[in-house]
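The values are calculated or read from the model by the stated rules, or taken from the named source; none is laboratory data. Here the structure is a predicted model, which means the values were calculated and not measured. All Cβ positions, glycine included, derive from the backbone under ideal geometry; neighbour counts span all protein chains shown.
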Amino acid sequence: MAYQVTLIPGDGIGPEITKAACRVIEATGVEIDWQVVEAGQDIMAEYGTPLPDNVLESVRRTGIALKGPVTTPIGSGFRSVNVALRKALDLYVNLRPALSIPGVKSRYENIDLVIVRENTEDLYAGVEHMVGEDAAESIKIITRKASERVARFAFEYARAQGRRKVTAVHKANILKYSDGLFLESVRHVAESYSDIEFEDRLVDNMCMQLVQKPELYDVMVMPNLYGDILSDLCAGLVGGLGVAPGANIGDTMAVFEPVHGSAPKYAGKNKANATATILSGALMLRHMGENEAADRVTEAVRQVIGAGVQVTYDLGGTAGTSEMADAIIAVIQGK
Ligand code: NAD
């Protein structure tokens, strides 16, 4: 029976890259019945909101979605459509693997890191205000419940994927209450996972260590803002945003999407690199238990990028989005 999966094409380059990703996923033979719903800037005029209720209803029904990037229109009432979606569906983990792909230009080889970012609180809770005219206050919210559940995810993920170590990233020396509580919560969860090594690092030191000795690290778990910053750093270690996949995961639902945004200047030009979305699709297949299909997609992407011919401009080639997808599909189908 076909899987029911919500497809949110998004806007900007979203429709082209999600189309490429869907074709690649379908080439594996896994049958998917895509339920297409629209979010983002382009549907504001029709629905009066960039995040209509039917998007949330569809993901609640299917439990799984592949999403293109969406632009948050100015004046939409949303700080970010993406943050609103993650909050509404309680997708409390942002999972961002950073894995070197041979052929992608980068200063490093053999990077294999995973960031597990708390997705619902910290400074992203959006509690901020002016204090008079010349001062502003933003409130950092950290709770034991949110910290423990994201820590549990990190350890379960490490165990399921056969990974050796979890590092908690924080600034508890300065933020003694908020990051102090985060660290205490992760330490508490770590006690139940004696098979996984555990350590913690200050976020500033972690940035330096990742640049100097990335091979020392494995799975890293951290509050929202540090996760936002470090996941772009890790994307940089493997060659940039065009190849960085991601997932937003809750207890009953998961939304898979590239780390990058809607790159409006390339919209409709068949130029954008769909790799990050295709690899997000591979993460989705793995989440569905379709490990063999996920492996085939990942391997085909690596082969096409490794050959360096049918690749998009950002990878040094001249192929369009759809031609690069065709090349990946040809590898999957053994042509
Ligand atoms: P961006 O990621 O869209 O672009 C950054 C740079 O990378 C640009 O030069 C862009 O052309 C290039 N780029 C990005 N993806 C590419 C791809 N797949 N192939 C080739 N080149 C690519 O970031 P931005 O310009 O800061 O944001 C544009 C819009 O996207 C904003 O409205 C922002 O809110 C939104 N955004 C959405 C998401 C999401 O939906 N998850 C994430 C980030 C940003």
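No other residue among Asp200, Asp204 is closer than 19 Å to Ala151 by Cβ and among the acidic types (Asp, Glu) apart from Asp200. Please verify whether Leu230 is within 16 Å of the ligand (Cβ to nearest atom), crowded, with 18+ Cβ neighbours inside 10 Å, in the same structural domain as Ser147 (by TED's automatic domain parsing) and of a type in the set (A, V, I, L, M, F, W, C), treating the condition exactly as stated. Answer is yes for this residue. Inspection of the range 2-21 finds no residue satisfying the criterion of being at pLDDT below 95, more than 22 Å from Lys271 (Cα to Cα), within 11 Å of the ligand (Cβ to nearest atom) and buried (at least 20 other Cβ atoms within 10 Å of the Cβ).
The number of residues in the range 111-128 that are part of a loop (DSSP other than H, G, I, E, B) and touching a residue at least 60 places away in the same chain (Cβ under 8 Å) comes to 4. Going residue by residue through the range 248-264, is there one that turns out to be more than 22 Å from Val93 (Cα to Cα) and not assigned by TED's automatic domain parsing to the domain that holds Glu156? Within the range 248-264, one or more residues are more than 22 Å from Val93 (Cα to Cα) and not assigned by TED's automatic domain parsing to the domain that holds Glu156. Of the residues that sit in the range 202-247 and are among the acidic types (Asp, Glu) and in a helix (DSSP H, G or I), which one is farthest from Leu95 (Cα to Cα)? My answer is Asp204. Of all residues in the range 249-275, those that are farther than 9 Å from Ile13 by Cβ and more than 7 Å from the ligand (Cβ to nearest atom) have Cβ atoms under 6 Å from Cβ atoms of residues that are acidic (Asp, Glu) and in a loop (DSSP other than H, G, I, E, B), 6 or more apart or on another chain, in Gly250/Asp90.
The set of residues from the range 24-70 being assigned to a helix (DSSP H, G or I) and within 16 Å of the ligand (Cβ to nearest atom) comprises Val24, Gln41, Asp42, Ile43, Met44, Val55, Leu56, Val59. List pairs: first in the range 78-89 and more than 13 Å from Asn119 (Cα to Cα), second part of a helix (DSSP H, G or I) and near the ligand (Cβ under 9 Å from one of its atoms), Cβ under 9 Å, 6+ apart or cross-chain? Listed by first residue and then by second, the contacts come to Val81/Gln41. Considering (1) surrounded by 15 or more Cβ atoms within 10 Å (Cβ to Cβ); (2) within 16 Å of the ligand (Cβ to nearest atom); (3) modelled with pLDDT under 95, the lone condition that Leu123 does not fulfil carries the number (2).
With Glu191, Glu197, Glu156 as the choices, which residue is acidic (Asp, Glu) and closer than 24 Å to Leu237 by Cα? Just a single option satisfies the conditions, and that option is Glu197. With the condition kept exactly as written, say whether any residue in the range 286-305 is in contact (Cβ under 8 Å) with a residue 24 or more places away in the chain, in contact with a strand residue (DSSP E or B) (Cβ under 9 Å, 6 or more places away or on another chain), assigned by TED's automatic domain parsing to the domain that holds Leu89 and assigned to a helix (DSSP H, G or I). The answer is yes, given that some residue of the range 286-305 is in contact (Cβ under 8 Å) with a residue 24 or more places away in the chain, in contact with a strand residue (DSSP E or B) (Cβ under 9 Å, 6 or more places away or on another chain), assigned by TED's automatic domain parsing to the domain that holds Leu89 and assigned to a helix (DSSP H, G or I). So, of the residues in the range 310-335 that are of a type in the set (A, V, I, L, M, F, W, C), within 20 Å of Leu241 (Cβ to Cβ) and in a helix (DSSP H, G or I), which turns out to be modelled with the lowest pLDDT? Selected residue: Leu315.
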